[in-house]
Amino acid sequence: MAEQKLIEQFNLRSRLRFNVDEGQIWLDENRMLLLHARSMGALRRELFDSLGAERAKGLLIRMGFASGQQDAELAKKLLGAGDTYDVFRIGPELHAFEGLVKATIVQADLDWERGSFAGEVDWRNSWEADSHLQLFGIGEDPACWTIVGYASGYVTQFFNRPVIFKETACVACGDALCHIVGKPLEAWGHDPYLDYFKPEDLQGQLDEMREEISRLRKTLCSGRTAGNLIGASSGFRSAFDLVSKAAASPITVLLLGETGVGKEMFARWLHDHGNRAEQPFVAVNCAAIPHDLIESELFGVQKGAYTGAQVSRAGRFERAHGGTLFLDEVGDLSPAAQVKLLRVLQTGEVERLGDDHTRKIDVRLVAATNVDLQQAIAAGRFRADLYYRLATYPVVIPPLRERRSDIPLLAASLVEKYEASYHKKLQGISDRAMQALMAYPWPGNVRELQNLVERGVLLAPNGGLIEIDHLFAGGAPAQAPGAEVDRDGQVGKAGDASRQQLYEAILQDGFDLEQHEARLLELAVQRAGGNLTHAAKLLGITRRQLAYRLKQGVEG
Ligand SMILES: [Zn+2]
């Protein structure tokens, strides 16, 4: 039949407007772009190079799909209640109009009522096949990904049910023509080709890769360094002994200690030295994840569980299957998450959000907290039953100020570590700087030491020593009460500023003078080994004043 071109019939040319003054091109209501095919080719090539062929194909298909959907909306508007065959026909014409490909329908069985569809189209002059040939040469796979995505998006949108096209011959493979066939989604069965049309769960893949990397890194490091646990002080040894006794058993370990004492390192050590070392180690900081996301993070989510849950995702529990799950800051879990966690621990099964079946999991749990969970229970913020599940084997990791003798050892190993990452060779830490490290109160514990040493390594001249100024920003630090005094007085001077900060911080948190005084007295007496004269000297008061205050404290 002699058909008039629909493009002409609907006077599409008049709907294409070049608004040069405003820097816009419009096709009816859609803003269009006049791009260089070569630049699109360059972008395409970069996608293939940086993301790999599979991911690049998916992105291109979905990009084409979106523009096909746009054009279907336009076609609907043009045709109104037109002939169903025209519906299918105008898509290719629009595609040609936009300069992408010359399409000829060779077969179209379309039953509007029954919703059945079968179509075949020949393509000539595909911009994508041309571009692909230029940049990659003749290959094994068809290359017209955006165009085949367009065809699928167009028919899907118009037909209001998923229809998928696949390219079966392509100029980029050396065929004379490109050729596509289309049918409803379900008619494709379980063809892996369909995966290209689904948006990817990149975040999930990143998480998995991160876990894989930490596993690889661990395998590389294991055997020699005992996973960064370093120390010889009695406080460290007793924590370490407890942890090493628990490593081989499946017992749930609760690590207690201030922020920065290295709880994650202990957890990792436990994992590395047990019989799950080859399996994943998954760490979650419960305080770092917003309350409304923590459940989906831990337990996973089933597609459609809530608005925005477009893909199913395994939670951290599932990812840790066979290995170890480390829950840091467990005291920060929301009440709802606590209930779920308890149920998982009781049943050994997890249920994804919005899912109606459970999955068996085998996970060794290590939890950690820097808050007093007993207190949190008393305040109604933490469930007692969960606490007893978690606290079967508590291990207290002492703060760095209570294991000062480990500082030289720790600092030396950190220097070695950062020398490697900054490609430097240093002579170590100067005596004066080491003295300052020993005197410092370490509110941020090992993590703070790590930060200071990193800074020191970075700032020290290559081949030289790390000096005080390299370690501490803004000069020498405040010293800890009872620590050795720096002879040249610099430490004390700079200490005034930090002390001021300390006082301000204390006042901000709701202060109880009596309580703090009592704690300070207690600490001084402890440090002086029970010698009141010595303790009084530490506090800058007389022995009599100290004795009086202590007595008051006991009576009060
Ligand atoms: Zn092709």
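The values are calculated or read from the model by the stated rules, or taken from the named source; none is laboratory data. Just so it is clear, the structure is predicted and the values come from calculations on it, not from any experiment. Cβ atoms come from the backbone with ideal geometry, glycine included; neighbour counts cover every protein chain shown. Note: areas computed on protein heavy atoms with side chains; ligands, DNA, RNA excluded. Shrake-Rupley method; radii C 1.70, N 1.55, O 1.52, S 1.80 Å.
If the reach is capped at under 18 angstrom between alpha carbons, list the lysines near Lys303, excluding any in the same chain fewer than eight residues apart.
The qualifying lysines are Lys198.
Relative contact order for region 1-113: what is it in percent, counting Cα pairs under 8 Å that are at least 6 residues apart? Mind showing how you got there, number by number?
Values: 63 pairs, mean separation 20.7, N = 113.
Result for region 1-113 is 18 percent.
Amide H to amide H under 5 Å from Ala169: which residues, 5+ apart in sequence or cross-chain, H placed 1.01 Å off N in plane?
His179
For a quick check: with amide H placed at 1.01 Å from N, whose amide H comes under 5 Å from Leu255's, ignoring anything fewer than 5 positions away on the same chain?
Counting only residues 5 or more places away or on other chains, the set is Ala367, Ala368, Thr369, Val395.
For region 78-137 and region 154-182, compute the distance between their C-alpha centroids and round to whole Å.
Result: 8 Å between the Cα centres.
Mind pulling up the Rg/Rh value for region 310-451? Radius of gyration and Kirkwood radius, both on Cα. Don't jump to the answer; show the numbers that get you there.
Values: Rg = 20.9 Å, Rh = 18.7 Å.
Rg/Rh: 1.12.
Looking only at Cα atoms, what is the convex hull volume of region 1-145 per residue, in Å³? The partial results should precede the final answer.
Numbers: hull volume 20.4 nm³, N = 145.
Residue-normalised Cα hull volume stands at 141 Å³.
In degrees between 0 and 90, to the nearest 10, how far off the longest principal axis of the chain does helix 490-508 point, with axes built from Cα atoms?
For 490-508 against the chain, the angle is about 70 degrees.
Taking the alpha-carbon centroid of each part, what is the distance from region 402-438 to region 266-289 in angstrom?
With region 402-438 and region 266-289 each reduced to a Cα centre, they are spaced 27 Å.
Roughly how far apart, in whole Å, are the Cα centres of region 310-338 and region 227-263?
Between the Cα centre of region 310-338 and that of region 227-263, the gap is 22 Å.
Using alpha carbons only, how many degrees (0 to 90, rounded to 10) separate the axis of helix 513-527 from the longest principal axis of the chain?
For helix 513-527, the angle is close to 70 degrees.
Once Rh for region 97-197 is found with the Kirkwood sum over Cα pairs, what is the Stokes-Einstein diffusion coefficient at 25 °C and 0.890 mPa s, in µm²/s? Before the final figure, lay out each step's value.
Details: Rh = 14.0 Å.
Here the translational diffusion coefficient equals 175 µm²/s.
So which GluC sites (Glu not before Pro) in region 58-154 are both in a DSSP loop and have at most 14 other Cβ atoms within 10 Å of their Cβ?
When the GluC sites (Glu not before Pro) of region 58-154 are filtered for loop state and at most 14 Cβ neighbours within 10 Å, Glu113, Glu140 remain.
List the residues, sorted by chain then number, that are 5 or more residues from Ser312 or on another chain and whose placed amide H is less than 5 Å from its amide H.
So Ser312 has HN proximity to Lys303.
What do you reckon, how do Arg359, Arg352 stack up by accessible area (1.4 Å probe), largest on top?
On the way: Arg359 60, Arg352 30 Å².
Putting Arg359, Arg352 in descending order of accessible area: Arg359, Arg352.
For the chain, with every protein chain kept in place, what is the accessible area per residue (1.4 Å probe, Å²)? Before the final figure, lay out the partial values.
On the way: 30020 Å² over 556 residues.
For the chain, the solvent-accessible area averages 54 Å² per residue.
Using every alpha carbon pair in region 344-422, what percent of pairs falls into each 10 Å bin from 0 up to the bin containing the largest distance?
13, 26, 26, 19, 15, 1
Sorted from largest down, give the three principal axis spans of the alpha carbons of the chain, whole angstrom values.
115, 56, 48
State, as an integer percentage, the relative contact order of the chain based on alpha-carbon contacts under 8 Å between residues 6 or more apart. Walk me through the intermediate numbers first.
Numbers: 857 pairs, mean separation 50.7, N = 556.
Answer for the chain is 9 percent.
Angle, helix 407-421 long axis vs. longest principal axis of the chain, Cα atoms, 0 to 90°, nearest 10?
Long axis of 407-421 versus the principal axis of the chain: about 30 degrees.
Tell me, what is the 1.4 Å probe accessible area of Ser50, in Å² to the nearest 10?
The value for Ser50 is about 90 Å².
Using the Karplus equation 6.51 cos²θ - 1.76 cosθ + 1.60 (θ = phi - 60°), what ³J(HN,Hα) coupling, rounded to whole Hz, does each residue of region 450-459 give in order, writing x for Gly and Pro?
4, 4, 5, 5, 4, 4, x, 5, 5, 8
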